[in-house]
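Peer 1: Right, I'll just put the structure down here and ask away after.
Taken together, the values in this text are just the output of simple stated rules run on the coordinates, not laboratory data. Being a predicted model, the structure only gives us computed values, none of them experimental. Don't worry about glycine lacking a Cβ; one is built from the backbone with ideal geometry, like all the others, and counts go over all protein chains shown.
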Amino acid sequence: MKRKKTTTIFIHLFLIVSVFLVSFPIIYAFMVSTLNINQVYSSPPKLQLGDNLINNYREAWERSNMGKLLFNSSFISIVTAVGKIILSVSAAFAFVYFGDFPGKNLLFIMILITHMLPLPIRIVPTYQLMDNLGWLDTYYALTIPFFASATGVLLFKQFYMTVPESLLEASLIDGITPLRFLLSILIPLSKSNIVALFTIEFIWVWNQYLWPLVTTNSARVRVVQIGLKMLIPSDAQPEWNVIMAALIIGVIPPLLVYLTLQKSLVEGFAMQQDK
Amino acid sequence: MNSKFAKKYRYLAYLLIAPSIIIVTTFLIYPSLQSLYLSFFRSTPFGNRQIYVGLENFQRLLTSSAYWNSLVRSLVFTAITVFISIASALILAVVTNKNIRGAKIYKSLLIWPFAFSFAFAGIIWGVLMHPNVGIMAYYIKLLTTLNFDWISNGTAAFILIIIASSWRMLGYNFIFFIAALQNVSPELLEAADIDGASPFTKFWRITFPLISPITFFLLIMNTLQVFFLTFGVVDVLTQGGPARATDIVTYKLFRDAFLSMRTGYASAQSIILFIFVAIITIIQFKYAGEKVFYQ
């Protein structure tokens, strides 16, 4: 019994150290965001909390036009996540509930293939396409090209295949139409999968960097990631306190989405695992 | 699934799949084929005309020491980052999965780097390790006399992007391992306990084989993510430097495509990246088939 107690203490110790190592960079970022510029550049650097928090956050907000950045990032993240969910729910439904129709496998493979075509593989032509469509520097370029999701189709297809067949049989006897079945029976059942996909996609789009970097230019559609990069001057001493303040503001939305949806996220994954 | 909707609804199936197919064809498949096409051309200095050059772009790439530097550095960087982030996430997931107090709190606190972008992770670690203002760089110097100056030292910069990316990937991997471990039956482990198995035997004989499909899945996903997404870290911190030490393939591609406007040369690089993805995909299907993918 004594041995067990020592092991438990050791485990807690190990975890406390690990949590500290993982969280320290974030705590540190927050601490820097409270300092004044002299404290940032004081030598040697000290681990301290300053009293310049409000000034830094106000400065960060104004200098980066943060309100607009947050709006743009939220808008494209929500639109893209919802678009992906709608498109993959419908496609997965078609793949599972309509038997073998001609071209089914080919269409499925075409959707799966997106896994093999990350942005850098097609960035030049996709950029040119945006230019030809007049989509550069618009919300269109940041959302519509990302509406298809192999992950989403797989996730929902996998889930539908585990829904008891008796459910469809009973509904068919009642003479249900496909869309009715999808909307009033399947979708309510797949709530936790939908939430999981939303969380992942929201954070994914929020954190996109390369694509907004090349397709956007004006403040009108600029996103948080790019706005933050623009706070770092290439030729002067960066005001790290202000930059960290902007960074903390910019990570709050994905963090909130993640925290509120954490439970269903883990459940959604666990369910996926079950099958 | 045997029962299904009647044949008269077949049109609906196509209608429901159509939006995904239109997006995939227009924005993914068609541009990828165009990358291949463009890779056989060279644009004139003002970019107004394309000249067919056959395989010249590939030939120039594969004989360019700068490109080999990019390629080798990207592969080494990816391998180390993937190993560190998967191994540490696995260890932490196994330990937090034990029946201990506060396991939930530990779990939440280990996942949150997942919400940070690669660019944000880069900025935070860049400041933490900054030779002038970084607290960690200062203590490293104090304790080991090592001067971790990522601004002028290539090796330091290379290590920095590994640390920032591993930190970012840790949370992602941790989520998947936690979910996978929930499905390892406690009865099995208790039975092993009764037989007097040591924790290590239990892990290697019971837990690890059960979660190896997810480990393999993460290996594949991490390799692709790290290989392609570390662009953000490099762009905010080092822009490929110092002395091209962090000039990873995606960054070089970006520079050639959008700063030097050499679209043909950049497209040839896209095709080489596609070959890399194709190899990873073949490995995936060869060793796991669809099983891991759908798991």
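Peer 1: With runs of 4+ DSSP H residues as the only contributors, calculate the mean residue ellipticity of chain B at 222 nm using -39,500 (n - 2.57) per run, divided by the residue total and rounded to the nearest 500.
Peer 2: Here the helix-only value at 222 nm equals -22000 deg cm²/dmol.
Peer 1: Also, I was wondering about something else. Can you give the net charge of the other residues whose Cβ lies under 10 Å from the Cβ of A:Gly152, counting K and R as +1 and D and E as -1?
Peer 2: Neighbour charge sum, excluding A:Gly152 itself: +1.
Peer 1: What are the principal axis extents of the Cα atoms in segment A:154-200, in Å, biggest first?
Peer 2: In descending order, the Cα extents are 37, 17, 13 Å.
Peer 1: Let me know the charge dipole size of the protein assembly as shown about its Cα centre in debye, to the nearest 20, where only the beta-carbon of Lys, Arg (+1) and Asp, Glu (-1) is charged.
Peer 2: Roughly 400 debye, rounded to the nearest 20.
Peer 1: What is the calculated FRET efficiency for B:Ala79 to B:Arg205, with r their C-beta to C-beta distance and R₀ = 22 Å, to the nearest 0.05?
Peer 2: The formula returns an efficiency of 0.20 here.
Peer 1: Here is a follow-up. Given a 10 angstrom Cα cut-off, can you work out which residue in A:Thr80, A:Thr143, A:Thr177 is the most mobile in a GNM of chain A?
Peer 2: Maximum fluctuation in the GNM of chain A, among the listed residues, is at A:Thr177.
Peer 1: Same structure, new question: Assigning unit charges at the beta carbon (Lys, Arg +1; Asp, Glu -1) and nothing else, what dipole magnitude in debye, to the nearest 20, does segment A:64-274 show about its Cα centre?
Peer 2: For segment A:64-274, the charge dipole is close to 300 debye.
Peer 1: Right, here's the next one. With each label point set 7 Å from Cα along the Cα-Cβ vector, what nm distance links B:Ser64 and B:Ile100?
Peer 2: Between B:Ser64 and B:Ile100, the simple spin-label model gives 5.0 nm.
Peer 1: Give the residue from B:Thr145, B:Val234, A:Leu186 lying farthest towards the positive end of the charge dipole for the protein assembly as shown; charges sit on Cβ (+1 for Lys and Arg, -1 for Asp and Glu) and the dipole is referred to the Cα centre.
Peer 2: A:Leu186
Peer 1: Going 7 Å from the Cα of B:Asp195 toward and past its Cβ, which residues in segment B:205-222 have a backbone nitrogen under 19 Å from where you end up?
Peer 2: Taking a point 7 Å out along Cα→Cβ of B:Asp195, the residues of segment B:205-222 whose backbone N falls under 19 Å are B:205-212.
Peer 1: Further question on the same structure: Considering Cα pairs under 8 angstrom that are at least six residues apart, work out the relative contact order of segment B:65-294 and quote it in whole percent.
Peer 2: 28
Peer 1: Here's another thing I want to ask about it. Take the alpha-carbon centre of segment A:119-184, take the same for segment B:47-80, and report the distance between them in whole Å.
Peer 2: If we compute the Cα centre of each part, the gap is 35 Å.
Peer 1: Among B:Ala197, B:Ser166, A:Thr260, which residue has its Cα furthest toward the positive end of the charge dipole of the protein assembly as shown, with +1 on Lys/Arg Cβ and -1 on Asp/Glu Cβ?
Peer 2: Of the candidates, B:Ala197 comes out farthest on the positive side.
Peer 1: Another question, if that's okay. Taking θ = phi - 60°, what integer Hz values does the Karplus form 6.51 cos²θ - 1.76 cosθ + 1.60 yield along segment A:72-87, in sequence order, with x for Gly and Pro?
Peer 2: 4, 5, 4, 4, 5, 5, 5, 4, 5, 4, 5, x, 4, 5, 4, 5
Peer 1: Further, regarding this structure: Can you put B:His130, A:His115 in order of Cβ neighbours within 10 angstrom, beginning with the fewest?
Peer 2: Ranking B:His130, A:His115 by Cβ neighbours within 10 Å, fewest first, gives A:His115, B:His130.
Peer 1: Given springs between every Cα pair under 10 Å in a Gaussian network model of chain A, which of A:Ile226, A:Ile27, A:Ile243 has the largest fluctuation?
Peer 2: Most flexible of the set in this elastic network: A:Ile27.
Peer 1: Also, I was wondering about something else. Take the Cβ-Cβ distance between A:Asn65 and A:Asp174 as r, set R0 to 45 Å, and report the resulting FRET efficiency rounded to the nearest 0.05.
Peer 2: It comes to 0.25.
Peer 1: So what are the ³J(HN,Hα) numbers for segment B:80-93, from phi and the Karplus equation (6.51, -1.76, 1.60; θ = phi - 60°), rounded to whole Hz, Gly and Pro as x?
Peer 2: Per residue, the Karplus-derived 3J(HN,Hα) values read 5, 4, 4, 4, 4, 6, 6, 4, 5, 5, 5, 4, 5, 5 Hz.
Peer 1: Go through segment A:154-209 and name the trypsin sites (Lys or Arg not before Pro) that are in a DSSP coil and have 14 or fewer other Cβ atoms within 10 Å of their Cβ.
Peer 2: Within segment A:154-209, no trypsin sites (Lys or Arg not before Pro) qualify (loop, at most 14 other Cβ atoms within 10 Å).
Peer 1: Right, something else. Going by Cα centres, segment B:263-285 and segment B:185-207 are how many Å apart?
Peer 2: If we compute the Cα centre of each part, the gap is 42 Å.
Peer 1: If Lys and Arg each add +1 and Asp and Glu each add -1, what is the summed charge of the other residues whose beta carbon sits under 9 Å from the beta carbon of A:Val96?
Peer 2: +2
Peer 1: Would you mind counting up the charge near B:Val72? Only other residues with Cβ under 13 Å from its Cβ, with Lys and Arg at +1 and Asp and Glu at -1.
Peer 2: +2
Peer 1: May I pose another question? Pick out, from A:Leu106, A:Ala81, A:Met116, the residue whose Cα sits farthest towards the positive end of the charge dipole of segment A:70-185, with +1 on the Cβ of Lys and Arg and -1 on the Cβ of Asp and Glu.
Peer 2: A:Met116
Peer 1: Loop-only trypsin sites (Lys or Arg not before Pro) in segment B:33-86, please: DSSP not H, G, I, E or B, and at most 11 other Cβ atoms within 10 Å.
Peer 2: B:Arg49
Peer 1: Please report, in debye to the nearest 20, how large the charge dipole of segment B:65-294 is about its Cα centre when each Lys and Arg carries +1 at its beta carbon and each Asp and Glu carries -1 there.
Peer 2: Dipole of segment B:65-294, to the nearest 20 debye: 180 debye.
Peer 1: Shifting gears a bit: Quick check: Cα centre of segment A:30-49 to Cα centre of segment B:153-169, how many Å?
Peer 2: 23
Peer 1: Also: Which of A:Val17, A:Val163, A:Val82 ends up with the largest GNM mean-square fluctuation for chain A, with Cα atoms connected below 10 Å?
Peer 2: With Cα springs under 10 Å in chain A, the top fluctuation among A:Val17, A:Val163, A:Val82 is at A:Val17.
Peer 1: Note down the relative contact order for chain A as a percent, whole number, built from C-alpha pairs under 8 angstrom at least six residues apart.
Peer 2: About 32 percent, as a whole number.
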